[in-house]
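Notes for the one structure printed next.
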Amino acid sequence: MNVYKAAISRRTIRKFKQKEIPISTLMKLVNSARMAPSTANLQPLEYIIVKEKPLRAKIFDCVSWAGYIAPEGNPGSGEKPVAYIVIIVDSGVVGLSKFERDVGSSAENIMLSAWEMGIGTCWMGAINREKIAKVLKIPASYHVDTVIALGYKNEKPRAVPLKKDCKYWKGRDGELRVPKKSLKRIVHKNKF
Ligand SMILES: Cc1cc2nc3c(=O)[nH]c(=O)nc-3n(C[C@H](O)[C@H](O)[C@H](O)COP(=O)(O)O)c2cc1C
């Protein structure tokens with residue numbers, strides 16, 4: 001799969017097969033994040049790979065799924081993520097500013113690389129950061145920014161043209177429809 005195809009076809013996945021992702025694969029995903037663009041090349045981000053079952057269960061309790069359709073978008077008991085990558089920011093490197101774009105570029109590298117490997121991801125921003133820091137023993141000098149949930153895909157959400165509402169919904173087949181703005185609507189050629 002080329003990068004363009006991955007960018008176009010990737011959708012957020014919230015239902016996962018219960019097949020483990022090898023640690024070598026998760027390391028590869030973090031490696032793709034390591035090489036992402038970074039503001040002033042400061043590279044303040046670090047990553048915690050969570051793969052152990054008891055810890056996984058604890059992180060699951062710290063995240064919220066698919067706000068627009070909650071609780072319908074929650075993974076069922078046999079569909080939960082089999083790993084998480086937690087993106088943390090070393091405040092000693094950047095203070096608490098100038099890191100958000102770094103998180104965006106590294107998270108996207110992880111999500112696209114995963115997609116190419118058949119692994120689905122969900123970027124989780126609605127998280128209990130305090131509890132995650134406690135569970136994972138993250139030092140106070142680090143900011144917990146983002147959790148990426150991972151697992152082999154067990155659903156087939158698809159993009160549909162956005163008419164009025166940006167809210168995703170479930171179709172009659174139980175699959176998620178994700179409205180996206182048309183190219184024409186967002187592109188300005190030469191001048192606004
Ligand atoms: C910064 C950010 C935070 C997000 N937080 C959550 C979240 O807490 N829970 C969730 O289920 N999805 C979350 N998402 C996923 C979005 O809901 C999803 O990207 C959006 O609906 C578009 O779907 P797509 O990724 O399939 O294109 C988040 C996405 C971003 C970029």
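The values are calculated or read from the model by the stated rules, or taken from the named source; none is laboratory data. Since we're looking at a predicted model, the values are computed, not measured. Here the Cβ positions follow ideal geometry from the backbone for every residue, glycine too, while neighbour counts run over all protein chains shown.
Details
- Scanning region 157-192 for residues that are assigned to a loop (DSSP other than H, G, I, E, B) and more than 25 Å from Gly76 (Cα to Cα) returns Leu162, Lys163, Lys164, Asp165, Lys181, Ser182, Val187, His188, Lys189, Asn190, Lys191, Phe192.
- Qualifying residue in region 149-156 (condition: modelled with pLDDT of 95 or more, in a loop (DSSP other than H, G, I, E, B) and of a type outside the set (D, E, K, R)): yes
- For region 106-121, the criterion of a residue being without any contact (Cβ under 8 Å) to a residue 12 or more places away in the chain and either closer than 17 Å to Ile49 by Cβ or assigned by TED's automatic domain parsing to the domain that holds Lys28 (or both) is satisfied by no position.
- From the list Lys181, Lys98, Lys131, the one residue that fits, being of a type outside the set (Gly, Ala, Ser) and without any contact (Cβ under 8 Å) to a residue 24 or more places away in the chain, is Lys181.
- Criterion violated by Ser106 - all others in (1) touching a Leu at 6+ places or on another chain (Cβ under 7 Å); (2) of a type in the set (S, T, N, Q); (3) within 12 Å of the ligand (Cβ to nearest atom) satisfied: (3)
- All conditions but one from (1) hydroxyl-bearing (Ser, Thr, Tyr); (2) over 23 Å from Lys53 (Cα atoms); (3) within 13 Å of the ligand (Cβ to nearest atom) apply to Ser141; the one that does not is (3).
- Output for region 120-138, where each listed residue is among the small types (Gly, Ala, Ser) and either closer than 19 Å to Ile110 by Cα or within 16 Å of the ligand (Cβ to nearest atom) (or both): Gly120, Gly125, Ala126
- Unique match (being among the polar types (S, T, N, Q) and under 27 Å from Val3 (Cα atoms)) among Ser38, Ser77: Ser38
- You will find that of Gly92, Gly73, the residue that is touching a residue at least 24 places away in the same chain (Cβ under 8 Å), over 13 Å from Gly151 (Cα atoms), in contact with a Phe, Trp or Tyr (Cβ under 6 Å, 6 or more places away or on another chain) and of a type in the set (Gly, Ala, Ser) is Gly73 and no other.
- Just one of the listed residues (Gly151, Gly67, Gly73) is within 16 Å of the ligand (Cβ to nearest atom) and within 14 Å of the chain's Cα centre (by Cα), namely Gly151.
- Residue count for region 1-41, restricted to those that are out of contact with any Leu (no Cβ under 8 Å at 6 or more places or on another chain), part of a helix (DSSP H, G or I) and within 16 Å of the ligand (Cβ to nearest atom): 4
- Check on Arg56, under 28 Å from Cys166 (Cα atoms) and either within 16 Å of the ligand (Cβ to nearest atom) or assigned by TED's automatic domain parsing to the domain that holds Val147 (or both): no
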